[in-house]
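Notes to accompany the following structure.
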Amino acid sequence: MFRTTFRSILLLLLPFGFISVSTAETPGDFNRTILPIPEPSFHGKIGLRPSDSTKDFPAAVKAPEDAPNILLILTDDVGFGASSTFGGPIPTPTFDRVANNGLRFNHFHTTALCSPTRAALLTGRNHHSVATACIMECGVGFPGYDTLVPKSKRGLGTILKHNGYNTAWFGKNHNVPDWQTSQSGPFDLWPVGLGFEYFYGFIGGDTNQWSPAIVENTTPLEPPTGDPNYHFDVDLADHCIKWIRMQNAVAPEKPFFAYYAPGTAHAPHHAPKEWIAKFKGKFDHGWDQQREMTFAKQKEMGIIPKDAKLTERSPGIAAWDSLNADEKKVYARMMEVYCAALAHCDHQMGRVIDTIEEVGELDNTLIIFIQGDNGASAEGSPQGLLNEMTFFNNIKEPFSEVLRRMDELGSPMTFNHYPIGWAHAMDTPFQWTKQVASHFGGTRNALAISWPRGIKGSGQVRSQFHHVIDILPTILDITEIPHPVMVDGVDQAPIEGVSMKYTFDDPDAPSKRETQYFEMFANRAIYNDEWIAATTPTTPPWVSVAEPVDPIDGYQWELYHVQKDFSQTNNLAKKEPQKLRDLQRLFYIEAVKFDVLPIDNSKVERLDVRNRPSNILGLNEFTYYDGLIRIPEGSAPDLKNKSFGISAVVEIPEGGAEGMLMTQGGRFAGVGLYLLEGKPVFQYNLCGVERYTVVGEQPLSPGKHVITLDFNYDGGVGGSGQATLTIDGETVDSKKIPRTIAFRMSLDETLDIGEDTGTPISEDYQVPFKFTGKLLKVTVSLADHKLTEEELQKYREGRIHSALAQ
């Protein structure tokens, strides 16, 4: 009876559509304006039995027909005039290959700095529009500056992934907010939260090529130790090649999007010895002559107009002929190392493109190769650097030491950078360098695009004015994917770029980008209809701490008619005052529109971690346990410009123990508390310029001990303090540290407990230097004032009492 009743009910429901039998939609039709694309309806038939029914799987999301693979390459800190592809001295055959198979763009622009360019590239919006006015370590609490890319402005990874692409990101990611870079996340602004299904690279501004702080997806990995041939650029290419081969093997009909962003040629300039040797003596002629040589080659190649003029040397850069013999020798070597680093990186990228060709996909692969995220970097000081951390902490290296260690440049023992004269030469023919958004030396970068199936004008030059925000709409135009109106339930703001595809077949087409603002550290400019108004820099980028200047009234303005003045050599501000006023007014209109205000010319002040949110904000005591490693500086206790204490509770076995208890930083700046041959040691590494060691004379006996380092700060910024080492409350050594790290411990190294990742704080041991005893816990305490003797004693007694209570 039940069977009869159930069947009767079904038969009654079927005519009224209560039981689905099919749908009217066409299989494979996708609404690509809403992401993720809504789930398709069932297109089969449901009957009472399988024999009465028709099967149908939901249609998988597919990319539009014939959508190309995409390889997006972005190198780091490479100026317009560096590569051989654009007339420069550095051989870049891979970049040559892309340009010769496609197009060179000689009016392409970035934002003048790292994180902002990368945010603009991936979102198709201006950098302030996506809250990235500066690098992640400089985020402050204004809409254009807080480093939190809005959910209403999702970019390439998300769009392509939800439209049927496999997606991966290799290399540098300097777009995670400073306080979100730890293992606790959140991860929604990491690559895996932005539509990239796989990430292999590093989080931050730069990394040591010999000992990188690798992250795979969200997991920190340690590079192989003890392998003298390891280099991160090789490792990066190996992983990208493996990923491309896998995509082609298991999903040959599915297009891929690979974003390849090596840390080269940002400092440190690291290259294998054999690559450095290739360029010995190639730069002995100096930076002034190199500018002239590059300028002539650019004209010969048609990269710049025949009537272009070479700008004068920027103020503050020494003439090469004014240098002495030792300076010339050292500075030429530094350029040889930089050249080797970029050439070596170019070779690795060539291996990636070779792989695409080997799997038969080169003809339908869109390769967009941006040579540099900004102009060449002048953060290397007038004399170059053994260690870039000295620049960020306003510490000067003695030239005598740089000369003595010249042969170490490019090796694991240096975090090196070249002098400002070479940076300016790599930006030929323009004025200024990285950070200076007002001038093309900071913002004009070389671009090549190849796509054999879609670009026929191989080897040609395009001169339409474009900006990095135009890359995303170009990719969407080529793939025929619409910009979404909604992603994950959030309405999407309009993109601010324009497609460049119109230039592919029409070299004479008028530029579709009519207006573009630029701003970085209050250096600002506005381009409109072939004119540009620009402020004159008040502080050069190689000065980290300068006298304050009002960010609005403290700047003079320049004016250039760039249609007739390619390199900004003829300042027309006095001849065309009305044109200048019109453009100044337009700048502030754009500034309001895109969240550029307030204009801020501060630099190192913004590095202070107290400017940003933090999971540990307001805490003054932290407890860690053995094996907690790779905790980034933005999520670790701030040991700068204050008193602090480090206390380790250990158990020493019979026969003794040694190893790291706690460290932050490494070879190039930082602190460490450890046992060496059983003796307690504290080392304060002042950016490699000075090292201060506090050490006990006797090895620790077997049993439980409390090892405490108290640093009592005298006050100021980067000031002095007294470091006192105690064992079980008894002082074993105490020394004055006359100067300390003021602004940043490291750009890529971390806080580690029980071992040392990255590079060693001291050359007395080798990483990982795991502690061989039992480390029960480490406590770090902070105080914002100089402690009295009574306070210090109370602190030590508290640590001992806590240890005995365990």
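Given the condition without any contact (Cβ under 8 Å) to a residue 24 or more places away in the chain and not in a loop (DSSP other than H, G, I, E, B), answer yes or no: does some residue in region 253-265 qualify?
No, that holds for no residue.
Those residues that are buried (at least 24 other Cβ atoms within 10 Å of the Cβ) and assigned to a loop (DSSP other than H, G, I, E, B), I need them from region 102-124; list them, please.
If the condition is that a residue be buried (at least 24 other Cβ atoms within 10 Å of the Cβ) and assigned to a loop (DSSP other than H, G, I, E, B), then G102, T110, T111, A112, L113, G124 are the ones that fit.
Any idea how many residues of region 556-586 are within 32 Å of the chain's Cα centre (by Cα) and either open to solvent by 70 Å² or more (accessible area, probe 1.4 Å) or basic (K, R) (or both)?
The qualifying residues number 1.
Just one of D553, D529 is within 28 Å of P143 (Cα to Cα), over 28 Å from the mean Cα position of the chain (by Cα) and either modelled with pLDDT under 95 or open to solvent by 50 Å² or more (accessible area, probe 1.4 Å) (or both); which is it?
Answer to the check: D553.
Can you name every residue in region 412-426 that is within 30 Å of A112 (Cβ to Cβ), assigned to a loop (DSSP other than H, G, I, E, B) and touching a His at 6+ places or on another chain (Cβ under 9 Å)?
T414, N416, Y418
What is the residue count in region 60-85 for residues that are crowded, with 24+ Cβ neighbours inside 10 Å, more than 27 Å from M335 (Cα to Cα) and of a type in the set (D, E)?
Residues in region 60-85 being crowded, with 24+ Cβ neighbours inside 10 Å, more than 27 Å from M335 (Cα to Cα) and of a type in the set (D, E): 0 in total.
Can you spot a residue in region 379-388 that is hydroxyl-bearing (S, T, Y), surrounded by fewer than 24 Cβ atoms within 10 Å (Cβ to Cβ) and part of a loop (DSSP other than H, G, I, E, B)?
Taking every residue of region 379-388 in turn, at least one turns out to be hydroxyl-bearing (S, T, Y), surrounded by fewer than 24 Cβ atoms within 10 Å (Cβ to Cβ) and part of a loop (DSSP other than H, G, I, E, B).
Among all residue pairs at least 6 apart or on different chains, which show Cβ distances below 8 Å where the first residue, located in region 79-93, is closer than 14 Å to E300 by Cα and the second is assigned to a loop (DSSP other than H, G, I, E, B) and of a type in the set (S, T, N, Q)?
What qualifies is G81/T428; S84/T92; T85/T92; F86/N106; G87/T428; G88/T428.
Within region 457-513, track down each residue that is among the small types (G, A, S) and in contact with a helix residue (DSSP H, G or I) (Cβ under 8 Å, 6 or more places away or on another chain).
S458, G459, A493, G497, S499, A509
Can you tell which of G696, G703 is more than 25 Å from I631 (Cβ to Cβ), surrounded by 20 or more Cβ atoms within 10 Å (Cβ to Cβ) and touching an Asp or Glu at 6+ places or on another chain (Cβ under 8 Å)?
Just a single option satisfies the conditions, and that option is G696.
In region 477-523, what residues are within 28 Å of A591 (Cα to Cα), open to solvent by less than 10 Å² (accessible area, probe 1.4 Å) and hydrophobic (A, V, I, L, M, F, W, C)?
Matches in region 477-523: V487, M500, F518, M520, A522.
Find the residue count for region 587-619, including only residues that are more than 17 Å from I526 (Cβ to Cβ), open to solvent by 70 Å² or more (accessible area, probe 1.4 Å) and basic (K, R).
Total meeting the criteria: 1.
Going by the structure shown, is E327 open to solvent by less than 50 Å² (accessible area, probe 1.4 Å), under 30 Å from T539 (Cα atoms) and of a type in the set (D, E, K, R)?
Yes, satisfied.
Any idea which of P255, P262 is touching a Cys at 6+ places or on another chain (Cβ under 6 Å) and modelled with pLDDT of 95 or more?
Result of the check over P255, P262: P262.
So which residues in region 259-283 are closer than 9 Å to D76 by Cβ and over 15 Å from the mean Cα position of the chain (by Cα)?
Result: no residue meets the conditions.
What number of residues within region 389-411 satisfy the criterion of being at pLDDT 95 or above, open to solvent by less than 10 Å² (accessible area, probe 1.4 Å) and in a loop (DSSP other than H, G, I, E, B)?
Total satisfying the criteria: 2.
Quick one: count up the residues across region 206-225 that are open to solvent by 10 Å² or more (accessible area, probe 1.4 Å), part of a loop (DSSP other than H, G, I, E, B) and touching a residue at least 24 places away in the same chain (Cβ under 8 Å).
Total meeting the criteria: 7.
Being among the β-branched types (V, I, T) and over 20 Å from V604 (Cα atoms) is the filter here, so list the residues in region 122-150 that pass it.
T123, V130, V149
Out of the residues in region 25-84 meeting the condition of being part of a strand (DSSP E or B) and hydroxyl-bearing (S, T, Y), tell me which one is nearest to the chain's Cα centre (by Cα).
S83
C240 fails exactly one of the following numbered conditions: (1) closer than 30 Å to D756 by Cβ; (2) outside any helix (DSSP H, G or I). What is the number of that condition?
Exception for C240: condition (2).
Being in contact (Cβ under 8 Å) with a residue 24 or more places away in the chain, open to solvent by less than 20 Å² (accessible area, probe 1.4 Å) and not in a helix (DSSP H, G or I) is the requirement here; does Q183 meet it?
Spelling it out, it is not the case that Q183 is in contact (Cβ under 8 Å) with a residue 24 or more places away in the chain, open to solvent by less than 20 Å² (accessible area, probe 1.4 Å) and not in a helix (DSSP H, G or I).
Might you check whether a residue that is touching a Lys or Arg at 6+ places or on another chain (Cβ under 9 Å) and among the β-branched types (V, I, T) occurs anywhere in region 196-206?
Within region 196-206, one or more residues are touching a Lys or Arg at 6+ places or on another chain (Cβ under 9 Å) and among the β-branched types (V, I, T).
Working only within region 280-312, note down all residues that are farther than 22 Å from H269 by Cβ and not in a helix (DSSP H, G or I).
Of everything in region 280-312, those that are farther than 22 Å from H269 by Cβ and not in a helix (DSSP H, G or I) turn out to be G302, I303, I304, P305, K306, D307, A308, K309, L310, T311, E312.
If we keep just the residues of region 40-59 that are among the charged types (D, E, K, R) and touching a residue at least 12 places away in the same chain (Cβ under 8 Å), which is least open to solvent (accessible area, probe 1.4 Å)?
D56
Let me confirm something: among S734, S720, which residue is surrounded by fewer than 17 Cβ atoms within 10 Å (Cβ to Cβ) and within 30 Å of S602 (Cα to Cα)?
None of the other options fit; the residue is S720.
Out of curiosity, is D321 more than 21 Å from L385 (Cβ to Cβ), open to solvent by less than 10 Å² (accessible area, probe 1.4 Å) and of a type in the set (D, E)?
no
Looking only at region 674-692, how many residues end up being surrounded by 24 or more Cβ atoms within 10 Å (Cβ to Cβ) and in a strand (DSSP E or B)?
Residues flagged as surrounded by 24 or more Cβ atoms within 10 Å (Cβ to Cβ) and in a strand (DSSP E or B) within region 674-692 amount to 7.
The values are calculated or read from the model by the stated rules, or taken from the named source; none is laboratory data. This one's a predicted model, so the numbers in the text were calculated from it and none came from an experiment. Here Cβ is always computed from backbone atoms with ideal geometry, including for glycine, and neighbour counts include all displayed protein chains. Side chains are part of the model used for accessible areas, which takes the heavy atoms of the whole protein and leaves out ligands, DNA and RNA. Shrake-Rupley method; radii C 1.70, N 1.55, O 1.52, S 1.80 Å.
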